[in-house]
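Everything below concerns the one structure shown next.
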Amino acid sequence: MSDTPVSVGQMRGLIKQARGAENVGLGMIPKPRPGPGEVLIEVYATGICGTDLHIQADEYPSQPPMVMGHEITGRVVEAGVGAEEHLGKRVAPETYFYTCDSCAACRAGRRNLCLARQSIGTHVNGGFATHVLVPARNLHEVHESVGEHAGALYEPLSCVTQALCDPAVASPGDTALVVGPGAMGNLTAQVLRAQGARVTVSGTPADRQRLDIAASLGLEVVESGELERVTPEDGFDVVADASGNERGIDAGLRAVRRGGHYVQVGLTGRPIAVDIDLICLHELVVTSGFASTPRSWRRLERLIAEGQVVLDPLVSDVSPLSEWQTSFARTRRADGLKLLLDPRMDTVA
Ligand SMILES: [Zn+2]
Ligand SMILES: [Zn+2]
C-alpha cells in the first residue's frame, strides 16, 4: 500500500486488473459522480464471498479491469436527479448495474437471468472501495436492528432466499440438512428453519468454529463423520449444499430421502464428479438459485424484520482494504465466518 497523497476525485479500490489467475491489487480509480437515477454509496463494509475468490483465481467470469466486491452496505452520500429521496439512508444494493429490461427473463422479474446483465464487482466497479455507484432502484434500506457492518450480509441472504423461497423448499415438520457451515450455509439453515424445518448443519472438523456459531443460534450441528448417525432412517426431507465441495455434495445427495428435495446453493468453481443417477433412482427434486431477484430481496427484508434471520453473529472479522490479502487467504481456508473489509479503516482514504 502506498502512502502517496490522494488527489481529490480519486478513490482507492481492490481491482482485478486483467483476466487470468490473480492480477488483483489495490489501486486508484476516479471517484464516480451519480447521473440521473443513480446514487453514490460511502461503503461501510463489503463482504468477501466465495465468488470473489473464484474471480481472483479466474474460475468465475469477470470483465476486468473492475473493482471487486458485491456484498455491500453503506450510506448514500450523493444522489443524481430523481434519486434524492435516498440521500443519507443506510442501504444494501442489489448487484445489477445494468439489465436490458426487455428480454423474457427481465419481463418476468428475473433480472438475474438476463443475458445482458452487468453486475457490480464482476462487470463494473463494485464495493471493495471507499465508494460505489449504483442505480437507485437497486437500493434496500437496512433494518434498524442490523449492525453497521452486518448489512453486508443482505446480498448473500438474497441469494439464499432466491434458492429457497418461491416456492418454499421446506414445509413445517420437515427434516433438513445443510452441508457446509459457512456464511451461506448458516443463512440457508436459518431460512429453512423459518420455513418450519428442523435443521441440522454439517461440517468438517476444521469447521468447528463455524459449527459453534451455528449451534449458538440454536441450530443442530454435526461433524461430517457423524452424519450417518443423525440421518433419519429414510433420509432428510430437504438437503441443501452450501459447501461447494465435491465430497460434501456427494454426501448431501446420498442423505436426501427418496422423493425428497435437494438444493444446490454453493458453487464449486469447476466441474466435479457426483453420482447423478441418484437423482433418477431416488426421484429427487433438484433446484437451485442464481444471485437474486427483487422478490428474493422482499423475502429477506421480511425475515430480518421479523427476527427470523439474524446477521450480526455471522460477522467474524472486519479489516481495512489494505489487509485484503490476509482476509482473502483466511476466507479461502475457511478461517472465520464472514470476513468484511471496511475502507473507512484504511489510514489513506
Ligand atoms: Zn457473494
Ligand atoms: Zn434482460
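The values are calculated or read from the model by the stated rules, or taken from the named source; none is laboratory data. From a predicted model like this one, the values you see are computed outputs, not experimental measurements. A quick note on method: Cβ atoms are made from the backbone with ideal geometry, for glycine too, and the neighbour counts reach across all protein chains shown.
Here are the numbers for this structure:
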{"quantity": "Selection count, segment 254-273, where residues are over 19 Å from ALA189 (Cβ atoms) and either in contact (Cβ under 8 Å) with a residue 12 or more places away in the chain or charged (D, E, K, R) (or both)", "calculated": "8"}
{"quantity": "Enumerated helices (runs of 4 or more DSSP H) restricted to segment 100-212, each holding at least 3 residues that are within 16 Å of ligand 1 (Cβ to nearest atom) and in contact with a helix residue (DSSP H, G or I) (Cβ under 8 Å, 6 or more places away or on another chain)", "calculated": "154-164, 183-194"}
{"quantity": "Residue ID - surrounded by the most Cβ atoms within 10 Å (Cβ to Cβ), chosen from residues in segment 254-284 that are closer than 22 Å to GLU223 by Cβ and more than 23 Å from the chain's Cα centre (by Cα)", "calculated": "VAL256"}
{"quantity": "Test: residue in segment 305-318 that is in contact with a Pro (Cβ under 7 Å, 6 or more places away or on another chain) and modelled with pLDDT of 95 or more", "calculated": "no"}
{"quantity": "Residue in segment 73-81 that is among the β-branched types (Val, Ile, Thr), surrounded by fewer than 20 Cβ atoms within 10 Å (Cβ to Cβ) and away from ligand 2 (no atom under 16 Å from the Cβ) present", "calculated": "yes"}
{"quantity": "Condition broken by PRO64, with the remaining ones in (1) under 23 Å from LEU267 (Cβ atoms); (2) more than 16 Å from ligand 1 (Cβ to nearest atom); (3) assigned to a helix (DSSP H, G or I) satisfied", "calculated": "(3)"}
{"quantity": "First in segment 321-341 and closer than 13 Å to MET68 by Cβ, second anywhere and among the aromatic types (Phe, Trp, Tyr) and assigned to a helix (DSSP H, G or I), Cβ under 9 Å, 6 or more apart", "calculated": "LEU341/TRP324"}
{"quantity": "Test: residue in segment 116-137 that is farther than 20 Å from PRO294 by Cβ, out of contact with any Leu (no Cβ under 9 Å at 6 or more places or on another chain) and more than 16 Å from ligand 2 (Cβ to nearest atom)", "calculated": "no"}
{"quantity": "PRO313 in contact with a Leu (Cβ under 8 Å, 6 or more places away or on another chain) and farther than 14 Å from LEU14 by Cβ", "calculated": "yes"}
